[in-house]
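The values are calculated or read from the model by the stated rules, or taken from the named source; none is laboratory data. Values in this document were obtained by computation on a predicted structure and should not be read as measured data. Cβ atoms come from the backbone with ideal geometry, glycine included; neighbour counts cover every protein chain shown.
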Amino acid sequence: MSFIEIALLVLAVALFVPIVVVFARHRLEIAAIQVREIPEEKQQRVKVIMAEARLQRKFQKVYVVIQKVLQPVVSLFKTMTSHWRERIAELEKQYKIEKLTLKSATQSGQESLQHKARQLLTQAKRDHDTQHFQQAEDLYIQVIQLDPQSVDAFLGLADVYHAQKKHDQAREVYHYVLKMMNDIDASALHMQVISEKSTTEEQHNIVAAQRANVHWSLAGVYQDEKNLAAAERELDRALKLEPSNPRYLDAQLDISIMKKDKIKAQDLFFKLKAVNPDNKKLIAFEEKIADL
C-alpha cells in the first residue's frame, strides 16, 4: 500500500470514529426527550431534528480539532508531493538531454563508420580495376567487418574471386548476396547506389536491377565451368527481372547457340535486335543461328 493510500485511510478513520462516538453518547438523551404531549409523528420528527442538530454541532467541533491535528501532516504531504513532482520533472529533463546526447554521439559514430566504409569501397574497386586483386580482397573484407550487411562489399568480393577464377568462392558469395537481397528494405540501407532521397519504388527497382546483375555474374561463373544449363537458368532469372537488358539477352543468346537451341536463339536474336539494333554482334549471331 502506498503512502498516499495509508494517509487517506487514516484520515477517513479519524473522521468516522468521533461521529460514531458522539452518536452513541447522545442516543439515550434523544430517547429520553419528554414528548408525551406531542403526537407520535411529531415526536419522531422532533427526535430526528434534535439529534441532527446536536451531531452537527459535535461534528463541527471534532472537525476543527482534526483539522488542527492533521494540518502539519497535510502540509508535509503537500511539500513532499511538490518535491517529488519537481524531482520527476528534473529527472525527465535530464533523461531527454542524455538521450539526445547519446543519439547524437551514436549518429556521429555511425556516420564516421559509413564514411570509412565508402572510402575503402572506392579504393577496393580501384584495386580491382587495376587487377590488384589481393589488395581489393583485403579492403572488401575490411568493409564487411565495418558493415556486415554491405551488399556492395560482398558483391565486390565475389567479383574479385570470379576474376581470379576462384569459382567455388565466387559462387558461394554470389549466392549469399542473393539471399541478402531477399530483404529488399534491408538491402536498400546498405547499397551505395541507392540515395537516401529515393522513393520506395525506386529502391525496389534498383535492388531488382542489382539482383539481376548478380544472376548474370553467377551465370558467367557457371559458363566458365562449362555448366551451360546452370548458366542458362541464372540468365533466365536475370531476364525475368529485366526483360529488355541487352547484356543479358546477349549472354543468353550466346548460350542458346552453344546448346544448339535454334528456336530459343532466334527468339532472343529478335529481342536483342529490337532493344539494341546497333549491336555489332548481330551479324555474327545471325550467321551462327543460320548454321544451327
task: Please give the helices (runs of 4 or more DSSP H) falling wholly within the stretch 209-292 in which 3 or more residues are under 22 Å from Y176 (Cβ atoms).
output: 228-241
- request: Could you tell me whether any residue of the stretch 170-182 is within 15 Å of L218 (Cβ to Cβ) and more than 30 Å from the chain's Cα centre (by Cα)?
  value: yes
message: Is it the case, given these coordinates, that R237 is surrounded by 15 or more Cβ atoms within 10 Å (Cβ to Cβ) and either of a type in the set (S, T, N, Q) or modelled with pLDDT under 95 (or both)?
response: no
query: Does the stretch 204-218 include one or more residues that are farther than 26 Å from Q169 by Cα, under 31 Å from the mean Cα position of the chain (by Cα) and at pLDDT below 90?
result: yes
query: Of the residues that make up the stretch 274-292, is at least one surrounded by 15 or more Cβ atoms within 10 Å (Cβ to Cβ), at pLDDT 95 or above and either among the aromatic types (F, W, Y) or more than 25 Å from F154 (Cα to Cα) (or both)?
result: no
message: Pairs please, first residue from the stretch 111-127 and assigned to a helix (DSSP H, G or I), second anywhere and of a type in the set (S, T, Y), Cβ atoms under 9 Å, 6+ apart in sequence or on different chains.
response: A117/S150; L120/Y140; L121/Y140; L121/S150; A124/Y140
